[in-house]
Amino acid sequence: MPAMSAHSTGSPSAPAIETRELSKRFGRTVALAGLSMRVEPGEVFGFLGPNGAGKTTSVKLLLGLTAATSGSGTVLGAPIGDRETRRRIGYLPELFRYQSWLRAREVLRLHADLARLPATRRSAEVQNALETVGLADRANDPVGTFSKGMQQRLGLGAALLGSPELVFLDEPTSALDPVGRTEVRQVIRAARDRGVTVFLNSHLLSEVELVCDRVAVVNRGRVVASGTLDELLGEQAVVVRVSDLPSEARAALGAYGTVETNPADPDELTIRPIDPARIPDVVAGIVAAGGRVHAVAQGRETLEERFLELLGAAPDPEGSAAAHRAVDPGTPR
């Protein structure tokens, strides 16, 4: 799993990744039908899709590990496949394994050698990677004694050797427990804070929601939707169940957003779009006007629901209901 180092920076306005109708065929099999997307510098970009959608093929093309059948693109301002540019890229594949008897520092030293980092910098680069992923105190411990989360962090350390400008992470939190996923998210956010562009290939939609700035959904080899989570998931809304609310007070709620009454239940009001920070003001206003608040539910369509819609599948009604958390207004939060 060689990691590649960064030493130069392209134009700040240039995209980190841009593809135009990139396609790949294996005989009669179409693995990628025309991928067009743009990844901005310094963002965490989520790349989502079902099995067989072309995610792995896309990553291999962008890394220059295979050649496109047609289309074009750039990575860090250079044509896809440029060898010098690969030195500015880090990569963590989904499946990797280190010899259990190697120590963490030895693993990273080996990757530094493979990446041909300058000999005078290798020790410092290895130490910096260990500190970045929080393994400095375990540097001399055999990898076989590491938890899955620690091994994943070590893999991230190898991908981050040499301060790459762009890092590809393929399912970095797959098979990890909640603690391990939290640790990996912290490393990803820290990399972004240093200006690293992170291309995150994942099927764990809840993880993507927590860490990504923008996402693209790919299906049958094409991007079917892309944007920020707000753009993909729509407006924030709040559903309030009220009683004894005077009509003029109900009309006043329009100051917070568009008010919709559930035809099947006149006591259920939905206000959208709304800034979540203003929801306590809504509740306080209702109470001050003499109304009684029975329940408040804040939420919007989940990434999973939107994902299934884009793929043409029907969302699970149970999952949809779970996306909204009912809050007892009298319960401290």
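Summary table
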item	result
Farthest toward positive dipole pole in the range 17-229 [+1 Lys/Arg, -1 Asp/Glu at C-beta], among Gly49, Ser123, Gly180	Gly49
Value at 222 nm in deg cm²/dmol, rounded to 500, when DSSP H runs of n ≥ 4 in the chain each add -39,500 (n - 2.57)	-8500 deg cm²/dmol
Cut-off 11 Å between beta-carbons: net charge of the residues surrounding Phe45, Lys and Arg +1, Asp and Glu -1	0
Whichever aspartates and glutamates have a C-alpha closer than 14 Å to that of Lys148, once near sequence neighbours (fewer than 8 apart) are set aside	Glu94, Glu171, Asp177, Glu183
Proximal lysines relative to Lys24, as straight alpha-carbon distance under 23 Å, when same-chain residues fewer than 8 apart are discounted	Lys55, Lys60
Rg over Rh, two decimals, the range 17-229 (C-alpha only, Kirkwood Rh)	0.97
Mean separation of Cα contacts under 8 Å (6+ apart) over length of the chain, as relative contact order %	19
Gain upon complete extension [Ser206, Val287; 0.36 nm per residue less C-alpha separation]	25.7 nm
DSSP-loop trypsin sites (Lys or Arg not before Pro) across the range 19-52, with at most 16 other Cβ within 10 angstrom	Arg28
Residue with peak Gaussian network fluctuation, the chain [Cα springs, cutoff 10 Å], from Thr66, Thr56, Thr258	Thr258
GNM result for the chain, Cα springs below 10 Å: residue of Phe199, Phe47, Phe96 fluctuating most strongly	Phe96
Relative contact order for the range 38-152, counting Cα pairs under 8 Å that sit 6 or more residues apart, in percent	20
Dipole of the chain, positive direction: furthest Cα of Ser247, Leu161, Leu233, with charges on the beta-carbon	Leu161
Net charge of Cβ neighbours under 10 Å - reference Pro172; Lys, Arg +1; Asp, Glu -1	-1
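Values in this text are rule-based calculations from the coordinates and carry no lab data. Just so we're clear, the structure is a prediction, and the values are computed from it rather than from any experiment. Every residue, glycine among them, receives a Cβ derived from its backbone with ideal geometry; neighbour counts consider all protein chains shown.
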